[in-house]
Amino acid sequence: MRTRFAPSPTGLLHVGGLRTALYAWLIAKQSKDHFLLRIEDTDQARSIPGATENILRTLDWVGIPPDEGVILREGVATQTGDKGPYIQSERLELYKKYADELIASGNAYPCFCTEERLKNMRDEQMKRKQAPMYDRHCLSLSPDDIEQRLKAKEKHVIRMKMPHGNVIKFTDDIRGPIEFQAHLVDDQVLVKSDGFPTYHLAHVVDDHFMEIGLVIRGEEWLSSLPKHLVLFAALGWAAPRYAHLPLLLNKDRSKLSKRQNDVSAESYKDKGYLPEAMINFLAMLGWNPGTTQELFTTEELLEAFTLERVQKAGAVFDLEKLDWLQGQWIRKLSLSDLSERIRPIVAEKYAAAENDKEFEKKIALIQERVTLLPEAADMLSFFYEEPVIDTAMILSAKQGVEAANVTMIIKALVDTLDGLSEKKWNDAAIKDALEGAMATHDLKRGQILWPLRAILTGKPFSPGAYEVAAALGKEETLARLQKASAAF
RNA sequence: GGCCCCAUCGUCUAGCGGCUAGGACACUUGGUUCUCAUCCAGGAAACCGGAGUUCGAUUCUCCGUGGGGCUGCCA
């Protein structure tokens, strides 16, 4: 089954668009067929240079690149495939040809109405509480009149002629049977006065010639479906199957908007979410496997995904679930994989991380604590710069570390740890040694470990004392202890 | 206003005539614990309403109600 994703290059890729692309990609790949990317740049005013590359890079990031149409080759958007061009602004003659054919067959007609007239007409209709629809003023123009005006290059559009009286029936792959009364559907503009097609004409022509078997798109298109079906029939082409996906929603259940949410997929990349978490999250918004499995790799989605299990109702875009998924994925990654993803981020702040041979060891300490990748820099700061000694934080009434005994505790720490050889400097040995110290000095666990951890990290929250001491090394550990001791 | 779609815990959802209405997130109570996090155990939390069909409706039908989308020479 060939499927496509057909964004407008009007800005960053929307998360809703990314989910649509994911589902389309899954369907195509399940049948080992092509997933196409087509650029819908028929609105010249809204097109933004570079948007296409950005969209492609985002698809790459999550691992669902197109394999036909507009693709990324060495960072540059190029076209591949024998059904192109895949950019609508390069297909103008084709649209023109079929618009003319529709006029010839009586399924479309030129309309010379001015914007002003249309506006007045709509205002009138609204006032009478009627649905605003084109009144077919130009449908009654005489052939001579039309010819004259065309010859005079009078500004005009081409409208489709809805077959009033027909009932248009269709079965959507997600929603099941739907019916529309043709006379309630407007005579949609197919070709604008600038010669560009509207979405409606371009969609029908392109998806026919690009041999798309299943159109997967957002629910906002459902109400234009009758127009598309009429066009396919008028041109004598078989319509594809359609699957209209439920919308992604704001917390207040309105259509997901920039106003209330970060809607660009790229912003989640920038915040430090893993592509694995993003894909997993998006897949589960509006689809479920019917089992209790929550974690899915792309490969597992390929195995489990079906349109039958896609929800009809819209889904609230709930970041709390994303964060949980992110945590799951962080912990699921191998230490080396996670390290290499985090390393460049930490290196931005601490150059030493770049070639730190012990980096994985440090990441091991925070793997269960990180949610967003950039948090790692702060979590690891004490490895790369000496913490500022905060005597107030080293003391802890709750742990039984007071001004009266802190010096003695630190001395016990120094003595004990100094007794450990460099060779035996590891988690387990440090733990043994310190437990021995607790016994001999009659100290509680917290009395030993809280100050050790606080001195070594300078932070109220951090990985555990044993692990930090082990990763820091004997020399540095003792140096920090001694320095702290002097502060009291 | 018109047309179309939708409706189970706060959120994502399972359920496809008979269930103590299940899971996950979030919340909450404990446990583990030097802190934070992880992890483990428990708790609270839902079938929008009304008719009808049926021995029996969360489930099927209809009508309400509510929400959403569309209603552009934007997609």
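The values are calculated or read from the model by the stated rules, or taken from the named source; none is laboratory data. Since the structure is predicted, the reported quantities are computational estimates derived from the model, not experimental observations. We place every Cβ from the backbone using ideal geometry, glycine too, and count neighbours over all the protein chains shown.
Here are a few things to note about the model shown:
- For the range A:259-312, the candidate set comprises residues that are assigned to a helix (DSSP H, G or I) and of a type in the set (Phe, Trp, Tyr); within that set, the residue that is farthest from the chain's Cα centre (by Cα) is A:Phe281.
- Those residues of the range A:152-163 which are under 23 Å from A:Pro240 (Cα atoms) and out of contact with any Leu (no Cβ under 6 Å at 6 or more places or on another chain), in sequence order: A:Arg159, A:Lys161, A:Met162, A:Pro163
- Across the range A:226-234, a minimum of one residue is classified as among the charged types (D, E, K, R) and over 30 Å from A:Gln367 (Cα atoms).
- Residue that is nearest to the chain's Cα centre (by Cα), among those in the range A:142-159 that are surrounded by fewer than 16 Cβ atoms within 10 Å (Cβ to Cβ) and of a type in the set (D, E, K, R): A:Lys155
- Annotation: A:Ala131 fulfils all but one of (1) within 9 Å of RNA strand B (Cβ to nearest atom); (2) in a helix (DSSP H, G or I); (3) modelled with pLDDT under 95; the unmet one is (2).
- Selection count, the range A:442-488, where residues are outside any helix (DSSP H, G or I) and either more than 7 Å from RNA strand B (Cβ to nearest atom) or of a type in the set (D, E, K, R) (or both): 7
- Boolean, A:Val204 is part of a helix (DSSP H, G or I) and either near RNA strand B (Cβ under 9 Å from one of its atoms) or more than 17 Å from the chain's Cα centre (by Cα) (or both): yes
- Looking across A:Ala45, A:Ala99, one residue alone is surrounded by fewer than 17 Cβ atoms within 10 Å (Cβ to Cβ), closer than 24 Å to A:Val204 by Cα and aliphatic (A, V, I, L, M). It is A:Ala45.
- Residues of the range A:252-266 that turn out to be over 13 Å from A:Gly17 (Cα atoms) and away from RNA strand B (no atom under 13 Å from the Cβ), as a count: 1
- Residue pairs whose Cβ atoms lie under 7 Å apart, sitting 6 or more positions apart in sequence or on different chains, and linking a residue in the range A:1-13 that is near RNA strand B (Cβ under 9 Å from one of its atoms) to a partner that is outside any strand (DSSP E or B) and among the charged types (D, E, K, R), are A:Ala6/A:Arg38; A:Ala6/A:Glu40; A:Pro7/A:Glu40; A:Ser8/A:Glu40; A:Ser8/A:Asp41; A:Ser8/A:Asp43; A:Ser8/A:Arg46; A:Thr10/A:Arg46.
- For the range A:302-318, the set of residues classified as near RNA strand B (Cβ under 10 Å from one of its atoms), at pLDDT 95 or above and not β-branched (Val, Ile, Thr) consists of A:Glu308, A:Arg309, A:Gln311, A:Lys312, A:Ala313, A:Gly314, A:Ala315, A:Phe317, listed by residue number.
- Residue check for A:Ala364: under 28 Å from A:Glu320 (Cα atoms), touching a Leu at 6+ places or on another chain (Cβ under 7 Å) and of a type in the set (Gly, Ala, Ser): yes
- Looking only at the range A:283-301, residues that are more than 8 Å from RNA strand B (Cβ to nearest atom), surrounded by 14 or more Cβ atoms within 10 Å (Cβ to Cβ) and in contact (Cβ under 8 Å) with a residue 24 or more places away in the chain come to 3 in all.
- Residue in the range A:29-46 that is out of contact with any helix residue (DSSP H, G or I) (no Cβ under 8 Å at 6 or more places or on another chain), closer than 30 Å to A:Lys258 by Cα, without any contact (Cβ under 8 Å) to a residue 60 or more places away in the chain and not aromatic (Phe, Trp, Tyr) present: yes
- When A:Ile345 is tested against (1) farther than 30 Å from A:Lys32 by Cα; (2) loosely packed, with under 13 Cβ neighbours inside 10 Å, exactly one condition is not met: (2).
- Scope the range A:126-150; condition hydroxyl-bearing (Ser, Thr, Tyr) and within 21 Å of A:Gly195 (Cα to Cα); matching residues: A:Tyr134
- Enumeration of residues in the range A:160-194 that are surrounded by 12 or more Cβ atoms within 10 Å (Cβ to Cβ), near RNA strand B (Cβ under 10 Å from one of its atoms) and closer than 17 Å to A:Leu94 by Cα: A:Val189, A:Leu190, A:Val191, A:Lys192, A:Ser193
- Residue match in the range A:74-83 (condition: over 22 Å from A:Asp173 (Cβ atoms), surrounded by 17 or more Cβ atoms within 10 Å (Cβ to Cβ) and within 19 Å of the chain's Cα centre (by Cα)): no
- Any hit, the range A:323-332, residues being surrounded by 15 or more Cβ atoms within 10 Å (Cβ to Cβ) and either outside any helix (DSSP H, G or I) or more than 11 Å from RNA strand B (Cβ to nearest atom) (or both): yes
- Qualifying residue in the range A:95-117 (condition: more than 16 Å from A:Arg159 (Cα to Cα), away from RNA strand B (no atom under 11 Å from the Cβ) and at pLDDT below 95): no
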